[in-house]
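This report refers to the structure that appears directly beneath it.
The values are calculated or read from the model by the stated rules, or taken from the named source; none is laboratory data. Being a predicted model, the structure only gives us computed values, none of them experimental. Heads up, the Cβs are rebuilt from the backbone with ideal geometry, glycines too, and the neighbour counts pull from every protein chain shown.
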Amino acid sequence: MKTNIFLILLLITILGCSNKKNVSDNSADTIVISMEEKVQDIEELDSTMFYNLEYTVLETNDKCFIGRINKLIVYNDKFYILDKFQAKKVFVFSKDGKFINTVGSLGQGPEEYQQIEDFTINESNGDILILSSLSNVFIYNNGGEYIEQKSLSDNATFLNVSSYKNGYIFKNANPNNEEYLIFNYNKNLKFLNKSIKKSLFKVNFTPFFNPLLKYGDNISCFNIFTNNLILKVDSLVSKKIIFDFNGKEMPAEAYWDSQIFYKKQFTCSYFLDAIITNNILLSAFVYEGKRHFAVMNMDNNKVKIFEESKWFPKKILFSKDNFIYSYLEPSEFMDNDYIPKFTKETNNYKLESDSNPVILKYKLKTFIIDKIK
């Protein structure tokens, strides 16, 4: 009898460990940054804070007309551009703006996706992964040829994906039955673990920017609903940075009820954009109805805040080799006196009001970084 009880207890223990082995608590050091305090000492942001300013006019025709750029990846001297809502596909352009091809297609066929949420590129082999609805993924080679389709999860609803050296990180949507936000898969899309418990409140908003940020060889997650950044979510040990607005942040219920959000958008604080470049976190946020730009040193957690001027692009898309990539609509680019400050990438494409968006490329000047050393 005692032997039977012992075996039962042992089995329960083994099963319990088995269920938890794929869950990581991401043991994290927590750092709190007082944004209200930092915003009291601000400077105006202008073009003198950047250098190596370049712009690229993208080829525009019926085969490559982009409604809006939702994501940009620069890989092997090519622009990979996601238009999620209008064209609902990924476009590929050369670095000088020439249209090359599209990846994937919308439809009901066996090699077609019904919806596109996000995409990423496997940097080891160049394969392109398109994330569709119901956590389905479609894999294409770098030339855009279809390879395979996989379904990753029955419970989670993935909205974002990013690749890193060991595989892929997927971010789960908040309003569903799955308890965790971050799912880690290897290069062959085999599930490894999940981490970071989701917010307790319901969310009915799509984040304003992709929350999965490249940080060296790792991935970090910026949760705009709770104003925190968790570094290296693919690792078992990470660091959590909380941006504290001292009660002036957008309330949780506003991310469920859009009417509340629109009423409070000029009085509450919330993040609009973020990337990590050269160990510097660049983020855009609203404080008391005005857009601000924050520069944070990831080594010492020092922060400098600037008030955005008309000059600064409204969307930060990507960073690579210390360059920052943004975009502007042609009319914005021509109206705001950008052209004299930027060098044009050599091509024959004329910039007109109905052209594709303009890709901007620039670096942050050293004296800005010196302010947060």
Do we find that Leu229 is within 30 Å of Phe50 (Cβ to Cβ), without any contact (Cβ under 8 Å) to a residue 60 or more places away in the chain, of a type in the set (A, V, I, L, M, F, W, C) and in a strand (DSSP E or B) in this structure? yes
Flag if Ser124 is surrounded by fewer than 21 Cβ atoms within 10 Å (Cβ to Cβ), in contact with a Ser or Thr (Cβ under 7 Å, 6 or more places away or on another chain) and over 30 Å from Lys350 (Cβ atoms): no
What residue, of Phe222, Phe205, is outside any strand (DSSP E or B) and either touching a residue at least 24 places away in the same chain (Cβ under 8 Å) or in contact with a Gly (Cβ under 6 Å, 6 or more places away or on another chain) (or both)? Phe205
Criterion: assigned to a strand (DSSP E or B) and polar (S, T, N, Q) - qualifying residue of Ser319, Ser309: Ser319
Would you point out which residue out of Leu181, Leu159 is assigned to a strand (DSSP E or B) and buried (at least 21 other Cβ atoms within 10 Å of the Cβ)? Leu181
Look through region 34-60, keep the residues that are charged (D, E, K, R) and farther than 15 Å from Lys363 by Cα, and return whichever of them is surrounded by the fewest Cβ atoms within 10 Å (Cβ to Cβ). Asp41
Test: residue in region 25-36 that is among the charged types (D, E, K, R), at pLDDT 80 or above, touching a strand residue (DSSP E or B) at 6+ places or on another chain (Cβ under 6 Å) and over 30 Å from Phe99 (Cβ atoms): yes
In region 104-135, residues that are modelled with pLDDT of 95 or more and outside any loop (DSSP other than H, G, I, E, B) total 8
Note down all Cβ pairs under 8 Å where the first residue falls in region 328-346 and is of a type in the set (A, V, I, L, M), the second is loosely packed, with under 13 Cβ neighbours inside 10 Å and outside any helix (DSSP H, G or I), and they're at least six residues apart or on different chains. Met334/Ser353
